Structure formats: C-alpha cells, structure tokens
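Input: a single structure, listed below in structure tokens.
Bear in mind that the values in this text are calculations on the coordinates, not laboratory data. All figures in this text were calculated on a predicted structure; none of them were measured in a lab. For neighbour counting, all protein chains shown are included, and Cβ atoms are generated from backbone atoms with ideal geometry for every residue, glycine included.
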Amino acid sequence: MAASVNNLDPEFRPLLYVAIVSFMAPLFGFNLGFIIAFKTQLINLFMLESDDIDTLVGTFILGTMVGSFFGGWLNYSSGRKISIIGGLVLGLAGEATCLLAPDFSLLLLSEFVVGASFGIYMLSSIIYICEISSPLKRNVAGVLIAVMVLSGALFVTVTREILPSSAVVMVAVITVYESFFVAVALVKLPESPRWLALSGLSDPALSVLLRLRGDSGRSARELSLINECCHGEDRGIDFFIHSEQYRRVIWFLVFITLLMQLSGFSIIPYVFLQIVHDNHVSFLEAVQAGYDYDYGLIKSAVTVGLFGAICSAFTLNRLGSRSVIIYGVVIALFSLLFLFFLTFFELKGLKSLFLGSFLLIFIFGVALSYTAFITSFATEILPQRGRDLGLAVVMLVNFVAFLSVQQSFEFLTSMWHISGWFAFCLLSIIVLLCFLYKVLPETSGYSLEEIEHRIFRGGGMGGLN
C-alpha cells in the first residue's frame with residue numbers, strides 16, 4: 001500500500017486515508033436505517049406503542065449529544081486517530097447489543113451507546129479529514145462521511161426483505177466488516193499533522209505531511225504555516241475565553257445551526273411519513289391496492305437524501321461551499337412554499353402525492369446544503385487551537401435543537417395546524433437565506449491556515465470575501 005500511495009498525485013494521496021475512515025461510517029447508517037425500516041417489526045417484537053420508537057430515536061440523539069461533548073475533549077487530549085477508532089469500536093459493541101437485545105430496556109441502553117459512539121466518530125472523522133486533505137479536495141473528502149452514513153441507511157432499507165433473519169449472523173457480518181477497517185486504520189492511518197504540531201511534535205508532523213504530500217519542500221512550507229497558527233498557549237476553553245474573534249466564529253456557526261433546525265432541516269425528514277398520513281389517503285394506495293406505500297416512501301426519502309449528499313460532493317469543488325449551501329437552502333425554501341400552500345387545498349389522493357413529492361425535493365435541498373455546512377464549512381473556518389471545541393459546540397447545539405423540535409412538534413402542530421407550522425419553518429428559512437447570502441464567506445480553494453489568517457487577522461468573515 002505504501003508504494004501505491006507514493007505513486008499517486010499529491011492531491012489524491014490523502015483520499016486513501018479518507019476512504020479508510022469513510023468506509024467505517026455505514027455502521028451508523030445501518031443502525032438508523034434499521035430503526036426506520038423495521039419499525040413495525042420492533043413494535044410487534046417488544047410490544048411497543050408507536051411513540052416508543054420516538055423514544056428510541058430520542059435516546060440515540062441524547063447519546064449523540066453526550067458523544068459530541070466527550071468527543072471534543074477526546075480529540076483535544078488524545079488526537080484524531082484514537083478518537084475515530086475508539087468511537088467505532090464502541091459503536092460496534094453497541095450495535096451488536098442492539099441486534100441481540102432481549103428486551104426494550106437493553107435496546108434503549110444500547111441505542112444510547114451507539115449514539116454516543118456516533119457523536120465521537122462523526123466529530124473526530126470530520127476534523128481528521130479536514131486536516132489531512134489538500135485544499136482542492138478537502139470539501140469533497142469531508143462530504144464522503146455523510147455519503148457513507150446515508151449509504152448504510154439505504155442498504156438496510158432496500159435489502160430489508162433479504163437480510164439474514166438471524167441476529168447472530170448479522171452481528172457476525174457487521175463485526176467482520178468493521179473489524180477489517182479498524183485493523184487497517186490501526187496499521188496505516190497517520191495522526192493528523194495539525195494535532196501533532198499543536199501538541200509540540202513538529203518532527204512527527206513533518207513526517208506525516210511528507211507522507212501525505214510527497215514533496216519535502218511543500219511539506220516544510222505547510223508545517224511552517226501550521227506552526228504559525230499554533231503560536232500561543234491558549235487552547236480549547238482558554239482560547240474561547242480569551243479570543244473574541246473565536247467566540248464570534250462559534251456564535252456565527254451556532255446561529256446558522258439553530259436557524260437550520262427551526263427551518264425543519266432535521267424534523268421534516270423525520271416526520272415525513274406522518275405529514276403524508278395526516279393529509280388524506282395516498283394516491284398510490286387508492287390506485288394500487290396492496291402496495292406498501294410507507295416502505296416505498298422511506299426508500300425514496302433515503303435515496304433522495306443520499307443523492308443530495310452525492311450532488312453536494314460533486315458540486316463543492318466547482319461551485320464552492322458558499323454557493324452549494326445557498327442553493328440547497330433555496331431549493332428547500334421553494335419546497336416549503338409549495339408545501340405551505342398545499343395545506344389549504346383539498347385534492348384528496350392527489351394532495352398526498354404532491355405533498356410526498358415536495359417533501360422529497362425538500363429533503364434533497366437539505367441534504368445538499370446541510371452536509372456541506374456540517375462536514376465541510378463549519379470545520380474549515382474554525383481555528384487550529386479551537387477546532388475540536390468549536391465543532392463539538394456546533395454538533396451539540398445541532399442535536400439539542402433537533403431533540404427540542406422533535407419533542408415540541410406534536411404540540412405545535414396541534415396548536416397551529418400543519419399550515420401554521422410550515423409558515424413558521426418558511427419564515428425561519430427566509431431569515432436563514434438572507435443571513436447566508438449577506439455574510440457567508442467562501443472557503444473553497446484556501447488552505448486551513450490561510451482561512452484562519454484571513455478571519456482572525458484580516459477583519460473577521462469579511463476577510464474571506
């Protein structure tokens with residue numbers, strides 16, 4: 001493998017390590033897809049109420065919140081590589097327990113563990129990929145994590161009927177698959193050169209950069225820029241307390257994250273089926289008796305989400321992160337506008353068909369912008385000395401906001417009706433679009449050190465415009 005890496009173009013060398021990290025991600029997509037695709041079977045097996053599935057998802061999100069918080073500290077103290085591998089191993093143990101759980105209480109506990117491991121893995125892998133990738137391939141590489149998570153969800157959704165009926169067999173297959181990538185990661189995956197430099201290990205950092213870039217002069221110049229950004233004793237929370245510009249960057253990201261959640265970026269895909277069910281009998285059910293319309297909608301939603309993430313990966317280098325995020329928000333905005341007006345019309349079965357179609361378009365827009373924002377943009381504009389803490393705060397706020405919206409959805413729709421709730425989401429997304437259009441900078445093509453220099457020494461976000 002070392003020989004093949006050395007023969008690669010310097011721009012593509014880090015992508016081999018990105019692939020190793022990304023191919024671990026389907027485990028977590030499999031977990032979420034399993035809950036969605038086997039919802040009815042879980043209800044029957046454990047004699048649950050429909051609301052208990054929401055409790056299961058809420059427990060997963062709660063675990064993700066804890067994992068995001070703990071993952072920030074783990075990345076700060078132990079580095080990116082050990083955090084990625086540790087998160088995956090913990091997730092593998094939790095997923096095995098999920099599949100073999102004899103009762104609902106153990107299933108809840110294992111979902112919490114899987115959620116915590118997901119938070120650690122996502123935080124660590126996003127930072128790691130951002131820090132090892134070249135500026136020209138960094139955006140695409142970051143989005144691969146989201147692509148692989150959604151691929152895992154789509155796989156279990158599409159193959160629901162042919163998956164092994166034995167939980168032991170499924171656990172064995174998943175364990176073999178993930179163990180292979182854990183072993184490869186332990187042997188081949190280098191530590192992030194930026195974390196090494198920040199920890200005072202300049203020689204190992206230069207060695208890793210030479211391995212990634214293949215050119216000693218380029219590696220030395222990059223290390224010099226990294227060391228310049230590492231100057232200062234403050235890191236993490238101390239850096240947050242003493243740096244006003246760092247606090248501004250975090251509040252900027254938190255504000256965008258909150259607006260995205262208030263615009264329905266997570267809750268609308270989650271309650272997708274419920275919205276369709278609450279608005280008349282399905283057109284397809286009326287035409288084609290016996291068709292499992294719910295299952296078809298689930299497959300469609302996951303497929304569209306994956307397609308949106310893939311489109312994000314292919315367009316980021318050509319259009320830039322700013323344009324992709326804004327275009328995705330525009331698509332979601334127009335979808336919400338049509339959904340809002342549809343709630344005032346009585347079209348019987350056709351209304352459900354139109355609702356389903358515009359909801360799928362909304363999911364595409366969300367996948368396009370949301371993946372670019374979380375996996376690429378948010379990490380790029382955070383400084384070296386506070387990248388782990390900053391992304392941990394953003395992810396924590398993201399999942400807290402989603403859990404809050406999930407818990408309040410029934411109350412708000414009963415008070416405002418679905419049309420009022422769509423109107424609220426529409427207002428939020430208009431504010432989001434105006435804010436993004438006015439202040440969102442372009443980061444594509446810049447090195448991480450150049451982005452940091454322009455923001456922290458060039459007058460804030462305006463330094464990138």
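Return the FRET efficiency for the residue pair Val158, Val439: r is the Cβ-Cβ distance, R0 is 45 Å, and the value is rounded to the nearest 0.05.
Here the calculated transfer efficiency is 0.65.
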Any idea what diffusion coefficient the chain gets from Stokes-Einstein, in µm²/s, Kirkwood Rh on alpha carbon pairs, 4 °C, 1.567 mPa s?
57
Helix 321-342 vs. the chain, principal-axis angle (Cα, 0 to 90°, nearest 10)
10
Angle in degrees between helix 80-100 and the longest Cα principal axis of the chain, rounded to the nearest 10:
30
Cα axis of helix 387-439 to longest principal axis of the chain: angle in degrees, 0 to 90, nearest 10?
10
Along each of the three principal axes of the Cα atoms of the stretch 1-189, give the extent in whole Å, ordering the values from largest to smallest.
56, 36, 25
For Glu410 paired with Val173, estimate the spin-label separation in nm (one decimal), with each label point 7 Å from Cα along the Cα-to-Cβ line.
3.5
Point-to-point label distance, Phe38-Lys188, nm (Cα→Cβ direction, 7 Å offset):
3.1
Computed label-point distance, nm, for sites Trp73 and Asp103 using a 7 Å Cα→Cβ extension:
3.1
Can you give me the relative contact order of the stretch 235-465 as a percent, contacts being Cα pairs under 8 Å and 6 or more apart?
33
In the chain, once you exclude exposed GluC sites (Glu not before Pro) (DSSP loop, at most 10 other Cβ within 10 angstrom), what's the longest stretch remaining?
347-465
Viscosity 1.306 mPa s, temperature 10 °C: give me the Stokes-Einstein translational D for the stretch 324-465 in µm²/s, with Rh taken as the Kirkwood radius over C-alpha pairs.
92
